Amino acid sequence: MKPHVICHMVSSVDGRILSSRMRPKGANSGGLFERLHDELKGDAWLVGRVTGREFAKRESYPTQAGHAFPREHWFARRDAAVWGIALDRHGKIAWGRSDIGGDPIVVVLTEQVSDAHLAGLRSEPVSYIFAGKHEIDLGLALEILNRELGIKRLLLEGGGGSNGSFLRAGLVDEISLAILPAVDGARGAPSVFDSSDKNAGVPAPIESMTLQSSQVLEGGAVWLRYQLRNS
C-alpha cells in the first residue's frame, strides 16, 4: 500500500518554479507555499536530490568507512508527526543535520551507495531506506515508507524532475498548485513537472483530472486542487 501523494507547488503563470526569475519581484513573498503546505496536513513531504541539497549543511562525509554495512533500511527513530523525505540515488548529500524544521530526515537510496556514505548518515543520525539496486523504484519507496513509518499522506514538493518522475510513474493522486500573479517568460527555468531528455517523450498515464477546489488568495494568487485518475 502506498501513501496518498499530493504534488504541492507554487508557480508563475507560465508554470515556472524559480522564484528569483519571476517578475514582478516579490510575487512569491509572504510564505504562501509554507502556509498551504500546513493546510494540506501531510505526515511526510518529499523532495529530490537537487532540492534536498539546498537543506544540507556539510560539503561531504569522510571517504572511508570502518566496516561494511548491510543494504538494509536503518531508522534513527520511528516516532515523528511529520517526516522529511529526500531522494538521493547515489548518496551525494552530506546533511550535517538530522532534521529540517523539526521533521526527521529519511533518505531514499539505491544499493550502489558507498559504505562511507552510510557511515556518515548514521553518524548524524539520518535514517535511510533502500528502494532499488541501481535506480530508485519510486513505487517501492512509497510502499516502504507506508509500511515502515506509517506514512499515509505525502506531499511531493519538487523539484520539477522528481515531480515529473512520480507523475510519469502514475503515482500522483492529487495536484495542489498555487499560481502567482507573475511570469518567468524565458528559457531554462525548471517547471512544475520536468523530464530528462531520456524521458522527454514519455507521457503520464493520466486518464482524468477533476477540479476539487479553486480559491483566490491574497495578492491575486489562485490555489487549484485537482484529483487525478491514473491508468
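Every number here is computed from the coordinates shown, using simple stated rules; none is lab data. Quick caveat: nothing in here was measured; it's all calculated off a predicted structure. Note that each Cβ is placed from the backbone with ideal geometry, even for glycine, and that neighbours are counted across all protein chains shown.
Observations on the model:
- Using R0 = 22 Å, the C-beta based FRET efficiency linking residue 97 and residue 73 works out to 0.60.
- When the Gaussian network model of the chain links Cα atoms closer than 10 Å, the mean-square fluctuations of 216, 183, 50 top out at 216.
- Under-5 Å amide H pairs with residue 96, H placed in peptide plane, nonlocal only: 57, 58
- Positive dipole terminus of segment 44-151, leading residue within 98, 70, 134 (C-beta point charges): 98
- Per-residue 3J(HN,Hα) values for segment 74-91, derived from phi via the Karplus relation 6.51 cos²θ - 1.76 cosθ + 1.60 with θ = phi - 60°, read 9, 10, 6, 7, 10, 10, 8, 6, 9, 10, x, 9, 10, 7, 8, 3, 9, x Hz in sequence order (x marks Gly and Pro).
- Helix-derived mean residue ellipticity, 222 nm - over the chain, DSSP H n ≥ 4, -39500 (n - 2.57), to 500: -5500 deg cm²/dmol
- Note on segment 31-79: percent of Cα-Cα distances in each 5 Å bin, starting at 0 and stopping at the bin with the largest distance, equals 4, 10, 12, 20, 23, 14, 7, 6, 4, 0.
- Cα gyration tensor shape of segment 44-151, rounded if a/c is under 1.5, else prolate or oblate by comparing a/b with b/c: rounded
- Above-threshold pairs, the threshold being 18 Å between Cα atoms, out of 57/152; 57/92; 2/133; 92/152: 57/152; 2/133; 92/152
- Net length gained if the chain between residue 20 and residue 90 were fully extended (0.36 nm per residue, minus Cα distance): 22.3 nm
- Theoretical gain in end-to-end length, residue 218 to residue 198 [0.36 nm per residue, Cα-Cα removed]: 3.3 nm
- Taking the convex hull of the alpha carbon positions in segment 158-231 and averaging its projected area over all directions gives 5.6 nm².
- Available extension along the chain between residue 60 and residue 147 is 28.3 nm, counting 0.36 nm per residue and deducting the alpha carbon span.
- Zone residues, segment 115-143, relative to residue 40, backbone N less than 20 Å from point 7 Å out along Cα-to-Cβ: 138-143
- Computed label-point distance, nm, for sites residue 209 and residue 123 using a 7 Å Cα→Cβ extension: 4.5
- Rounded FRET efficiency, nearest 0.05, which uses the C-beta distance separating residue 13 from residue 115 and R0 of 35 Å: 0.15
- GNM result for the chain, Cα springs below 10 Å: residue of 53, 187, 168 fluctuating most strongly: 187
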